[in-house]
Amino acid sequence: MTNAVLKADQLSKDFNRRKIFSAISFDAASGSSLAVTGRNGSGKSTLAKILCGVLTPTSGTAVLSIDGNAISPERLHRHVGLVSPYVQMYDEFTGIENLRLAISIRGIVRKNDRQLRDLLQQFGIDDRRNDDVRTYSSGMKQRLKYAAALLHEPELLVLDEPTSNLDEQGIAAVRDVMSRQKESGILIIATNDRDDLRYADRQVTVEGEHT
Amino acid sequence: MIRSTTGKALLSIWLTLVIVAGLAMPMVPVPRTWYELPWIPGLEQKARIILFHVPMAWVTLVAFISAMVYGIQFLKTKNLDYDLKSVNAAGLGTVFCILATVTGSIWAKFNWGSFWNWDPRETSIFILLLIYGAYFALRSSIEGAEKRAALSAAYSIIAGVTAPFFIFVMPRIMSGLHPGAKGDEGGAAPVAQLHMPPNMLVVFFASLLGFTMLYVWLFSVRMRISKLEEHH
Amino acid sequence: MYDFLASNQLYIVMCIVLINWFGLLAYLFRIDGRLRKLEQSTYAKDEKA
Amino acid sequence: MMMRSAYEVFRKDVHSEFRTRYAMNALIMFVIVALSIILFSIGDESVTPGVLSGILWVIIFFSGMSGLSRSFVSEEERGTVLTLQLLTEPSAVYAGKLLFNLILTVSLNLFIAVMYVLLVQQFVVQSPAIFWVTILLGSAGIAAAATILAAIIAKANTKGTLYPVLAFPIMLPLLLTVMNATRLATEGAPFSEAAGEFQVLVAYTVVVIAVSVILFDFVWKD
C-alpha cells in the first residue's frame with residue numbers, strides 16, 4: 001500500500017462571479033474515507049472535480065502527495081479515479097474498447113484482455129463487452145464507468161453519486177469497491193445517501209452560498 | 001493624473017489647442033514663422049488630416065494591445081477585474097477603430113478617388129475591426145464569467161500574435177497607395193514618414209498624446225461604470 | 001458636395017474633426033445611458049429600503 | 001510518455017471518425033458541391049489565374065471551417081471532455097488533436113487541389129513544386145490555427161456560425177500568402193521567388209502552435 005495524502009486547503013470556487021462554496025479544508029490519508037455532503041446545487045460535484053484536478057479552484061489548493069512527494073497537476077490523472085454523472089464513455093466504441101482506450105491514452109499500466117474481462121465481470125457487464133456503449137442502459141454505463149475508473153488502481157478514488165442508476169446487484173459491486181478502496185487508498189464519496197455514508201469515516205459538508 | 005479635475009481641464013484645453021492649431025495654422029509655399037506650415041503639392045490642406053486621423057488609428061492599436069495585456073493578466077491571476085479592463089479596452093478600441101476607418105476612407109476618397117482601396121493600412125484597420133467584432137461575438141456566446149474571460153483572453157492573444165504577420169504579408173501582396181508606401185515616392189510620402197516640418201511634428205505628437213489621454217479618461221469612466229454595474 | 005469639398009479642402013479636414021467629435025459624442029451618450037440605468041436602479045433600491 | 005499519449009488520442013479520433021464518418025462524408029460532399037457551383041458559374045468565361053487561385057483557397061478555407069472543429073466539438077457535445085481530462089494531460093490532448101486535424105487537412109486539401117486542377121481547365125499550374133509545397137504548408141498553417149480555435153469554439157453556444165467568424169481574421173495573413181504563392185505557381189515563377197511566401201507560412205505555423213501550447217491549458221480546463 002502506498003502512502004497517499006490528500007490535503008485540501010481553503011478551497012473556494014466561483015461561477016459567474018457567484019461563490020459556489022468557500023473555505024473548504026480537510027485532509028485524508030490512505031486507509032481512510034471521507035464523505036462530502038450538501039444540498040443539491042451546493043457544489044459537491046464541483047468539489048469532486050477540483051479534487052481530481054480537472055477543475056481549477058478559484059482560490060485555495062488541493063494537493064495529493066504520494067510517499068511525501070506532491071503530485072504535479074499534469075501527472076495527477078495517473079493517481080486519480082473519478083466516477084461521476086459528468087463522466088461519459090465513448091458511445092461509438094464497445095465496452096471493452098472503451099477500457100482499452102483508457103489504458104492506452106493514460107499509458108501507465110498494461111492490462112490484457114483477460115484482466116479487462118475480469119474487471120467487467122466484477123461489475124456484471126462482461127457478456128455485453130462487445131456491444132457499443134450507445135446500446136447500454138444508464139445502469140450499465142455507470143458500471144462501465146467504475147471499471148474505467150479502477151483500471152489504473154488509483155490512490156485516490158472519488159465517487160460522485162456512487163449508486164445512482166444502479167440496481168441491487170450493482171450497488172453490491174460498488175460497496176465492494178468502496179470497502180476495498182478505503183483499505184488500499186483514499187476514498188471520497190460525494191453523496192447524501194445514508195447507506196453510502198456508512199462507508200465514510202468522516203464527513204465534510206459543502207454549504208452552497210446563495211446570494 | 002487624469003482623475004483630477006485639473007488634469008481633465010488641462011486635457012480639454014490641450015485637445016482644443018491641437019484642433020485649433022491643426023485647422024488654423026496657415027499653409028504657405030515657403031514657411032517663415034513658427035506657425036506657418038509648408039504647402040505640399042498634391043496633399044495641400046489634406047496634409048492636416050494626419051493630425052486627426054492617425055491618432056485614431058494609434059489609439060485603436062493601444063486599446064487592442066492593452067486588451068490583450070489585460071487578457072494575459074487575467075489568465076495569470078484569474079482576477080475578473082482584468083477581464084473587465086480587457087472588455088472595456090476592446091469596446092473603446094472598437095469606437096476608435098470605426099473612427100479611424102471612416103476618417104481614413106474620407107481621405108482616401110479625396111486623395112485616391114475612392115472610399116476603399118485595400119491598401120495595406122486600410123486592410124490592417126479593417127482586420128482590426130474584424131478582430132474586435134469576432135471578440136465580442138465570442139464573448140456573447142459563452143456563459144459563465146470565468147470561462148468567458150479565459151476564452152476571450154485566449155482569442156485576443158492569438159489575434160495579437162497573428163496580426164503582426166500582416167506587416168510581412170502586405171508588401172508582398174500589393175503595392176500600397178498610402179502615403180509612404182512603395183510606389184508613392186513623391187507626394188505624401190514626406191508627411192507619412194514623419195518628415196514633417198518641426199512645428200507640424202509638434203502638433204502631431206501633441207495630438208497623439210492628447211487623444212491617448214482622452215482614451216485613458218474614457219477608459220477610467222467606463223471602468224467606474226462597469227464596477228458599479230457589478231455591484232448590482 | 002464632392003466638388004465643393006474637393007476645391008475647399010480645409011472643409012475635408014473639418015469634416016474629419018467633426019466625425020471624430022460626433023463619434024466620441026455618440027460614445028458619451030451611450031455610457032451616459034448606462035450610468036442613468038445604474039442610477040435608476042440604485043434609487044429604486046434606496047426607496048425600497 | 002506525453003507523445004505516446006498524444007498518439008493514442010489521435011488514434012482514438014481516427015477510429016472514431018471511421019466509425020461515425022461525421023467529418024469525412026460531409027466534407028467530401030461539401031467539396032463536390034462547392035466545385036460544381038464554381039464550374040457552373042465559370043462556364044465558358046475566361047478568368048484570370050489570380051482569381052482562380054483565390055477561389056481554390058476559398059473552397060479550402062470553408063471546407064476546413066466545416067470539418068475541423070469536429071474533433072473538439074464532438075468531445076464537448078458527448079460530454080467526454082471530463083473523461084479525456086481524467087486520462088491524460090492537456091498538452092497530450094492538444095498534440096493528438098493537432099495531429100488529427102493536420103492529417104485531415106492535408107488529405108482533404110490534396111483532394112481539393114487535385115480535383116481543382118483536373119476540373120478547372122483554366123487553372124494551369126506552371127510551377128508544380130511551388131503549388132504543392134504551398135498546399136502542404138498552407139494546410140499545416142490552417143490546421144494549427146483551426147485546432148486552437150476549435151478548442152475555444154467548443155465551449156461557446158453558437159459553434160457553427162462563430163467558427164469562420166473567429167478564424168477569418170486569424171487566418172487572413174496565411175490566406176493572403178497562400179493565394180499569392182498559388183498565383184506565382186500559375187504564372188510559372190521559379191521556385192526561389194516563392195521562398196519568401198514559404199518562410200511566412202512556416203513562421204506563421206510555428207508561432208501559432210507555440211502560442212496554442214501555452215494557451216491550451218486555460219482553454220481546455222474549466
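Structure summary
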{"read-out": "Residues located in the stretch A:177-200, provided they are under 14 Å from A:LEU150 (Cα atoms) and either open to solvent by 70 Å² or more (accessible area, probe 1.4 Å) or among the small types (Gly, Ala, Ser) (or both)", "value": "A:SER179, A:ARG180, A:SER184, A:GLY185"}
{"read-out": "Looking only at the stretch B:108-124, and only at residues there that are touching a Phe, Trp or Tyr at 6+ places or on another chain (Cβ under 9 Å) and in a helix (DSSP H, G or I), the one that is farthest from the other protein chains (Cβ to nearest Cβ)", "value": "B:GLU122"}
{"read-out": "Test: residue in the stretch D:68-85 that is in contact with a strand residue (DSSP E or B) (Cβ under 8 Å, 6 or more places away or on another chain), over 12 Å from D:SER139 (Cα atoms) and either buried (at least 24 other Cβ atoms within 10 Å of the Cβ) or away from chain A (no Cβ under 12 Å) (or both)", "value": "no"}
{"read-out": "The stretch B:158-187, subset closer than 19 Å to B:ILE131 by Cα, outside any loop (DSSP other than H, G, I, E, B) and open to solvent by 30 Å² or more (accessible area, probe 1.4 Å), residue modelled with the highest pLDDT", "value": "B:VAL161"}
{"read-out": "Qualifying residue in the stretch D:189-197 (condition: under 17 Å from D:LEU102 (Cβ atoms), at the interface with chain B (Cβ under 10 Å from one of its Cβ atoms) and open to solvent by less than 10 Å² (accessible area, probe 1.4 Å))", "value": "no"}
{"read-out": "Flag if D:ALA210 is at pLDDT 95 or above, assigned to a helix (DSSP H, G or I) and in contact with a Ser or Thr (Cβ under 6 Å, 6 or more places away or on another chain)", "value": "no"}
{"read-out": "Enumerated helices (runs of 4 or more DSSP H) restricted to the stretch D:1-96, each holding at least 2 residues that are out of contact with any Leu (no Cβ under 9 Å at 6 or more places or on another chain) and within 30 Å of D:GLY188 (Cα to Cα)", "value": "D:22-42, D:49-67"}
{"read-out": "Leading residue by the ranking (farthest from the chain's Cα centre (by Cα)) among those in the stretch B:65-110 that are among the aromatic types (Phe, Trp, Tyr) and at pLDDT 95 or above", "value": "B:PHE74"}
{"read-out": "Selection from the stretch B:110-154 of residues that are of a type in the set (Ser, Thr, Tyr) and open to solvent by 20 Å² or more (accessible area, probe 1.4 Å)", "value": "B:SER114, B:SER124, B:SER140"}
{"read-out": "Odd one out for D:VAL178, checked against (1) more than 10 Å from chain B (Cβ to nearest Cβ); (2) free of Cβ contacts under 8 Å to residues at least 40 places away in the same chain", "value": "(2)"}
{"read-out": "Residue count for the stretch B:158-173, restricted to those that are more than 24 Å from the chain's Cα centre (by Cα) and more than 7 Å from every other protein chain (Cβ to nearest Cβ)", "value": "0"}
{"read-out": "Subset of the stretch A:1-21 [part of a loop (DSSP other than H, G, I, E, B) and within 14 Å of chain B (Cβ to nearest Cβ)]", "value": "A:ASN16, A:ARG17"}
{"read-out": "Only listed residue being over 30 Å from A:GLY81 (Cβ atoms) and modelled with pLDDT under 95, chosen from D:VAL106, D:VAL114, D:VAL47", "value": "D:VAL47"}
{"read-out": "Selection within the stretch C:1-15 - in a helix (DSSP H, G or I) and either within 9 Å of chain B (Cβ to nearest Cβ) or of a type in the set (Asp, Glu) (or both)", "value": "C:TYR2, C:ASP3, C:LEU5, C:ALA6, C:GLN9, C:LEU10, C:TYR11, C:ILE12, C:VAL13, C:MET14, C:CYS15"}
{"read-out": "Selection count where residues are at the interface with chain D (Cβ under 7 Å from one of its Cβ atoms), part of a helix (DSSP H, G or I) and more than 20 Å from the chain's Cα centre (by Cα), scope the stretch B:125-157", "value": "7"}
{"read-out": "Residue check for B:VAL216: out of contact with any Ser or Thr (no Cβ under 9 Å at 6 or more places or on another chain), among the β-branched types (Val, Ile, Thr) and at pLDDT below 90", "value": "no"}
{"read-out": "Test set (1) open to solvent by 20 Å² or more (accessible area, probe 1.4 Å); (2) at pLDDT below 80; (3) within 17 Å of C:TYR11 (Cα to Cα) - B:PRO41 fails condition number", "value": "(3)"}
{"read-out": "Within the stretch B:136-161, tally of residues that are closer than 20 Å to B:TRP58 by Cα and free of Cβ contacts under 8 Å to residues at least 60 places away in the same chain", "value": "1"}
{"read-out": "Residue identified as more than 9 Å from chain B (Cβ to nearest Cβ), at pLDDT 85 or above, surrounded by 10 or more Cβ atoms within 10 Å (Cβ to Cβ) and under 25 Å from the mean Cα position of the chain (by Cα) among C:LEU24, C:LEU28, C:LEU38, C:LEU18", "value": "C:LEU18"}
{"read-out": "Cβ-Cβ under 9 Å pairs, at least 6 apart or on other chains, the stretch D:1-27 side of a type in the set (Asp, Glu), far side not in a helix (DSSP H, G or I)", "value": "D:GLU8/A:GLY107; D:GLU8/D:THR88"}
{"read-out": "Some residue of the stretch A:29-47 being within 14 Å of another protein chain (Cβ to nearest Cβ), part of a loop (DSSP other than H, G, I, E, B) and open to solvent by 40 Å² or more (accessible area, probe 1.4 Å)", "value": "no"}
{"read-out": "Counted residues, the stretch B:40-49 - those being in contact with a helix residue (DSSP H, G or I) (Cβ under 7 Å, 6 or more places away or on another chain) and more than 10 Å from every other protein chain (Cβ to nearest Cβ)", "value": "1"}
{"read-out": "Residues satisfying the stated conditions in the stretch D:7-23, i.e. more than 9 Å from chain A (Cβ to nearest Cβ), surrounded by fewer than 17 Cβ atoms within 10 Å (Cβ to Cβ) and not hydrophobic (A, V, I, L, M, F, W, C)", "value": "D:ARG21, D:TYR22"}
{"read-out": "Subset of the stretch B:89-109 [touching a residue at least 12 places away in the same chain (Cβ under 8 Å) and surrounded by fewer than 18 Cβ atoms within 10 Å (Cβ to Cβ)]", "value": "B:SER105"}
{"read-out": "Every residue from the stretch B:194-232 that is farther than 30 Å from B:PRO26 by Cα and not hydrophobic (A, V, I, L, M, F, W, C)", "value": "B:SER220, B:ARG222, B:ARG224, B:SER226, B:LYS227, B:GLU229, B:GLU230, B:HIS231, B:HIS232"}
{"read-out": "Search result, residues across the stretch B:13-34 that are touching a residue at least 60 places away in the same chain (Cβ under 8 Å) and surrounded by 12 or more Cβ atoms within 10 Å (Cβ to Cβ)", "value": "B:TRP14, B:LEU15, B:LEU17, B:VAL18, B:ALA21, B:GLY22, B:MET25, B:PRO31"}
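The values are calculated or read from the model by the stated rules, or taken from the named source; none is laboratory data. Not measured: the values here are computed from a predicted model. Ideal geometry is used to build each Cβ from the backbone, glycine not excepted, and the neighbour counts take in all protein chains shown. In case anyone asks, the SASA skips ligands and DNA or RNA and just uses the protein heavy atoms, side chains included. Shrake-Rupley method; radii C 1.70, N 1.55, O 1.52, S 1.80 Å.
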